[in-house]
Amino acid sequence: MGAFDMLRIAGSSMGAHQTWLDTLANNIANINTVTSTSQSAFQAQMPIVRAVPGGGVEVAGIAESDPQGRLVSDPENPLADADGYVRAPDTDLASQMTQLVMAQRGFQASVQVTKDAQDTYSAALQIGRA
């Protein structure tokens, strides 16, 4: 594996992790979004990542959770149906926060690989100047 391959692979990883972070932020921001029972619930998103031949990854698409969500009793909500129910996303905050930590750590690891590769290139250039 060449040195530039390292930068390309780390860069693709940063892009995939950034997409993951963005979808998680959107999911967390909408975790308490409710709709009437006649509408679809907010659908949490999750990136689908696949390996690229030659190394690296790419986001192949975005998967969405079940639009049925879950029914929650909230008779005081103006969106509630005649039985007092609203539709909420079927998303678990603890799971989203756990994934957020994993995505953040993956992004940080990719940044560190990029930084280390740049430091190695700089050191090699300094040797060539001597």
Tally time: how many residues in the stretch 23-33 are part of a loop (DSSP other than H, G, I, E, B) and open to solvent by 40 Å² or more (accessible area, probe 1.4 Å)?
-> 2
Mind checking whether some residue in the stretch 87-107 is touching an Asp or Glu at 6+ places or on another chain (Cβ under 8 Å) and not hydroxyl-bearing (Ser, Thr, Tyr)?
-> yes
Residues of the stretch 67-98 being over 23 Å from THR23 (Cβ atoms) and of a type in the set (Gly, Ala, Ser), in sequence order, are SER73, ALA80, ALA82, GLY84
Reported set for the stretch 61-72 where residues are open to solvent by 50 Å² or more (accessible area, probe 1.4 Å) and more than 14 Å from ASP90 (Cα to Cα) is ILE62
Hey, LEU93 surrounded by fewer than 13 Cβ atoms within 10 Å (Cβ to Cβ), in contact (Cβ under 8 Å) with a residue 60 or more places away in the chain and out of contact with any strand residue (DSSP E or B) (no Cβ under 9 Å at 6 or more places or on another chain) or not | yes
Restricting the search to the stretch 96-123, which residues are surrounded by 11 or more Cβ atoms within 10 Å (Cβ to Cβ) and of a type in the set (Gly, Ala, Ser)?
-> ALA103, GLY106, ALA109, SER110, ALA117
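The values are calculated or read from the model by the stated rules, or taken from the named source; none is laboratory data. Just so it is clear, the model here is predicted, and its values are computed rather than measured. Counting neighbours? That spans all protein chains shown, and the Cβs are built from the backbone with ideal geometry, glycine included. These area figures cover heavy atoms from the full protein model, side chains too; ligands, DNA and RNA do not enter into them. Shrake-Rupley method; radii C 1.70, N 1.55, O 1.52, S 1.80 Å.
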